[in-house]
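Here is the structure we will look at, set down as structure tokens.
The values are calculated or read from the model by the stated rules, or taken from the named source; none is laboratory data. No experiment lies behind these values; they were computed from the predicted model shown. When we count neighbours, we look across all protein chains shown, and the Cβ atoms used for this are built from the backbone with ideal geometry, even at glycine. With ligands, DNA and RNA removed, areas are computed over all heavy atoms of the protein, side chains included. Shrake-Rupley method; radii C 1.70, N 1.55, O 1.52, S 1.80 Å.
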Amino acid sequence: MKRFFNIHRWKIKYKLTGAMYAVLIPALLGITAYIYMQSSKTVTNELSNAYQNLTRTMEESINYIASDIEDIITYVVINNDFRYVLSSDQDSALANNPLVWSKETPADLVTEMLAVKNHIGFFGLFPENGARPYLSTRRNDIVSQNTEEVKGLEVFLKSKEAQGDLRIMRMEASDSTLFKGNKTDRILFGKTVFSYSKEEILGYICAAIDAKEIAGVFEKERQETNESVYLLDKDGTVIVHSGEAEEEDFQAIKTSISESVFSGEYQETKGSYIFRSTNEHYQYSVFYIVPKENWTKQLKNVNRMPFLLAILLFFVAFPIFNYVTRFINIPLHNLHKSMLKLQEGDFRQSVSVYAEDEIGDVTHVYNKMVSHINELIETNYVMVLREKQSELDLLQAQINPHFLYNTLDSLYWDAMNEGHTELAENIMSLSELFRLALNRGEGIVTVEAEYRLVESYLRIQKMRFEKRMDYRINLMSEMKDYKIPKLILQPFVENAIVHGLENKSGQGLIKVQGYMEEGYMVFKVSDNGIGMDEEQLQSLMTEEKVIYSNQRISRYAIKNVRERLKLYYKEDFKLDITSAIGTGTTIIIRIPKE
């Protein structure tokens, strides 16, 4: 620790870097503080505008629904046919005609207008003159037809006070004044119909929608589950709400309506911010209550950025400073790096000289020293290694494949002399198998040689399995002289025997075919062994590394052969495997002729 604080023992580049940081850190702190204050102000304004716009959007959604209903009501109110029926005397034929609406008014048109307004669940016109009410409902509601009872609804009383303007109120599920046996909270849009002189009431028009329709609008727009939205009329009565507000917040919005106190863009309570949007025409207000914790969380997320930026600049500055100091430190760094490599045994070092100073002189001497050491190694150590390698090569040359061929040839003649003809033939097959497999170390063979190797292998295996195995080999004569990579068929034949026929009961058969197809050589190896199901086959083609140990096609047959084919033919080859349980497996290799 003492050494760390001892600046005199620091390396040159660390001293320079420390000096640069001494200037950078105060500047970063000042800039961070400024950005923090500015971003806090900006974010506060943006959040305020965003929530105010969201509140206004919900208010406009309610206004859109109310306007839709008012358009239909206005059409009925100003239509001469409807007004004629509403203005008729109580004892007139029109008032007592049960079919008056369909016969004397465009009620069908109103019904069609309501049909396209899915949110309007009920529409009713209750005449004051005793005529049968006009009713349209999407439900099987039992609607009161008693105008005297219905006109006492608060929504009509408020509309009457407003000289016929449309008013909105909530009807609880327990209120059966309009809907008998009502079990649904609804929002009523009511209008009192006056005569043109405003001296006489002609009737009452009411439309209803489910409260959950408007609550659904609020629920969709709410940003967080702990936020709440309230729709209140001008008297402070809750029409509908989504989410639950704290008692303090609820009283604040009630007070803001009754006392008209709502300064600025939002109102602040102890735990929340309240945004408001009022519709003067329909006399309602939408309140959006946002807990302060939501606001603070967003402010923290944004205000964290200046500090993260300062930290980022702090660390980004290090490579920049390091890059600047390396122009001063680079000669010593390169010399030190070269010495480390020399220590590890790399004697081909040569350091570039950047300056003709003391470091440059040391570098010249170092380069001459390394060159001299390298020459000594070349003339002494390498010479000894070459002698040892020559001795090893000579020893390996003594183990010659001809020794194996001559031994098998001797065994063949011994068997023939003893009259063991079948054994002699198998020994000859084994000898030919070794000779073809080694092929003087060459990796490319003719198709004929590959088939001879396969046939020798099958003859040897037939001796092992006796009557349990048979094989068929067919090769198109024109393919014999074409060249192919060595050992691309034998591994699959071996797998067919070991994994396909060993566990099979009954006669096993292996077929090896070779034929031409559309300018390509096609080789097919098939057996009638135990086979594989679809899952094993798909696993074989996609998860080779996992299933090699327990599937019938080994790593050599799939991975090695496929890689050698790809290495030799690039993408111009095809290797397919098909199999079925109890039927066997077929492998097809398709490669271009050469």
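Taking the stated definitions as given, is Gln298 touching a residue at least 40 places away in the same chain (Cβ under 8 Å) and open to solvent by 10 Å² or more (accessible area, probe 1.4 Å)? Taking the combined requirement at face value, the residue satisfies it. Please determine whether any residue of region 170-181 is at pLDDT 90 or above and among the aromatic types (Phe, Trp, Tyr). No: region 170-181 contains no residue that is at pLDDT 90 or above and among the aromatic types (Phe, Trp, Tyr). Could we say that Lys593 is modelled with pLDDT of 80 or more, open to solvent by 90 Å² or more (accessible area, probe 1.4 Å), within 23 Å of Pro485 (Cβ to Cβ) and under 36 Å from the mean Cα position of the chain (by Cα) here? Answer is no for this residue. Take region 98-110 and flag every residue that is surrounded by 14 or more Cβ atoms within 10 Å (Cβ to Cβ) and either without any contact (Cβ under 8 Å) to a residue 24 or more places away in the chain or closer than 18 Å to Gly190 by Cα (or both). Scanning region 98-110 gives Glu104, Val110. Scanning region 463-486 for residues that are crowded, with 16+ Cβ neighbours inside 10 Å and under 18 Å from Gln513 (Cβ atoms) returns Met469, Tyr471, Leu475, Met479, Tyr482, Ile484. Checked against (1) farther than 27 Å from Leu575 by Cα; (2) modelled with pLDDT of 60 or more; (3) of a type outside the set (Phe, Trp, Tyr), Arg452 meets all criteria but (1).
Do we have Thr74 as closer than 30 Å to Leu232 by Cα, in the same structural domain as Arg186 (by the TED database) and in contact with a helix residue (DSSP H, G or I) (Cβ under 9 Å, 6 or more places away or on another chain) here? For Thr74, the condition - closer than 30 Å to Leu232 by Cα, in the same structural domain as Arg186 (by the TED database) and in contact with a helix residue (DSSP H, G or I) (Cβ under 9 Å, 6 or more places away or on another chain) - is not met. Within the set Val365, Val351, Val370, the sole residue that is at pLDDT 75 or above and not in a helix (DSSP H, G or I) turns out to be Val351. Quickly run through region 556-590 and pick out the residues that are surrounded by 14 or more Cβ atoms within 10 Å (Cβ to Cβ) and free of Cβ contacts under 8 Å to residues at least 40 places away in the same chain. Listed by number, the residues that qualify are Ile558, Lys559, Arg562, Tyr569, Phe573, Leu575. Residues of region 157-204 that are touching a strand residue (DSSP E or B) at 6+ places or on another chain (Cβ under 8 Å), within 18 Å of Phe82 (Cβ to Cβ) and open to solvent by 60 Å² or more (accessible area, probe 1.4 Å): Glu200 alone.
Within the option set Val454, Val493, Val498, being among the β-branched types (Val, Ile, Thr) and open to solvent by 40 Å² or more (accessible area, probe 1.4 Å) holds for one residue only, Val498. Condition check for Gly190 on (1) modelled with pLDDT under 90; (2) among the small types (Gly, Ala, Ser); (3) within 30 Å of Leu135 (Cβ to Cβ): one failure, at (1). Of the set (1) surrounded by 13 or more Cβ atoms within 10 Å (Cβ to Cβ); (2) out of contact with any Lys or Arg (no Cβ under 9 Å at 6 or more places or on another chain); (3) free of Cβ contacts under 8 Å to residues at least 40 places away in the same chain, all apply to Arg139 but (1).
Scanning region 104-139 for residues that are within 13 Å of Leu86 (Cβ to Cβ) and outside any helix (DSSP H, G or I) returns Thr105, Leu125, Phe126, Pro127, Glu128, Asn129, Gly130, Ala131, Arg132, Pro133, Tyr134. For region 561-579, filtering for residues that are over 22 Å from Asp527 (Cα atoms) and not in a helix (DSSP H, G or I) leaves 4. Based on this model, can you work out whether Asp165 counts as at pLDDT below 90 and either closer than 18 Å to Leu125 by Cβ or in a helix (DSSP H, G or I) (or both)? It is true that Asp165 is at pLDDT below 90 and either closer than 18 Å to Leu125 by Cβ or in a helix (DSSP H, G or I) (or both). When Phe262 is tested against (1) modelled with pLDDT of 80 or more; (2) closer than 30 Å to Lys158 by Cβ; (3) among the aromatic types (Phe, Trp, Tyr), exactly one condition is not met: (1).
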